[in-house]
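Everything below concerns the one structure shown next.
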Amino acid sequence: MKKAENTEERIINAARKVFRQKGMDGARMQEIADEAGINKSLLHYYFRSKSKLFDKVFNETFKSVTIVINKVFATSDTLESLIDNFVVNYTSTLREKPYIPNFVLHELSRNPQRFIELITSTDFDKAKIVSLVAAESEDTIEAFDPIQIIIDIIALCVFPFVAKPIIEGFIFDGNNDEYNSFVELRTQHIIEFVKKAVFKKKM
């Protein structure tokens, strides 16, 4: 049983690498088998088609993000804590798995309906930010569209990972350490930037 689990895990890891490099359409089962160090017949024994294997990999990737976001929204009881928790946890997830944004964007352009179905199947409460904004006093926050703010936060967090080749290669002259330092410092920068846009200055 353990050997079967190890083989399946190797296949998943290999598929994740190939799919994030080439997407669903560009990947080949032979490439995945070669990456996993097995023959193609054994690969087909575990996963009969490329689409089934892709679904497995993509759903696991997407789930890892939704788990973090759902937890943040469920445990944040103020607008300020939501901003703090969302940026810290979301950025931490992307730093741990930097391939997620490009992988997701590639599939979003190929099959947008998949995202609607996956998001709908989660427990994500999209009304939570609206309720937290409504709970704030008019004396403490600026007038803004809550949905615009959450999209702004996601974009601010995701862009450095999507644009890594440009940021690291051009701005930091190919220095990976400087890029990593930039990403590490960016978490607090985003939090402060968003709070300045959302909350009124205390007199």
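FYI, it's all coordinate maths here, none of it is from the lab. Worth saying up front: this structure is predicted, and the values here are computed from it rather than measured. Methodologically, a virtual Cβ is constructed for each residue, glycine included, from the backbone with ideal geometry; neighbour enumeration extends over all protein chains shown.
Extending 7 Å from Cα along the Cβ direction at A74 and again at S41 yields two label points whose distance is 4.6 nm.
When peptides 119-132, 48-61 are ranked by their average number of other Cβ atoms within 10 Å per residue, the highest-first order is 48-61, 119-132. Taking 0.36 nm per residue of separation and subtracting the Cα-Cα distance, full extension of the segment from N180 to S49 would add 43.4 nm. All Cα-Cα separations within the range 1-59 were binned at 5 Å from zero, giving a P(r) of 4, 22, 36, 26, 9, 2, 0, each value a whole percent of the pairs.
Over the chain, the alpha carbon radius of gyration divided by the compact-protein estimate 2.2 N^0.38 Å works out to 1.21.
Extension gain for R114-E138 works out to 4.8 nm (0.36 nm per residue, less the C-alpha to C-alpha distance).
For the chain, the 222 nm mean residue ellipticity estimated from helices alone, with every DSSP H stretch of n ≥ 4 adding -39500 (n - 2.57) and the total spread over all residues, rounds to -24500 deg cm²/dmol. Measuring between alpha carbons in the structure, the pairs from K22/K56; K52/K97; K17/K63; K97/K164 lying more than 19 angstrom apart are K52/K97.
In a reduced charge model with +1 at each Lys and Arg Cβ and -1 at each Asp and Glu Cβ, the chain shows a dipole moment near 900 debye about its Cα centre.
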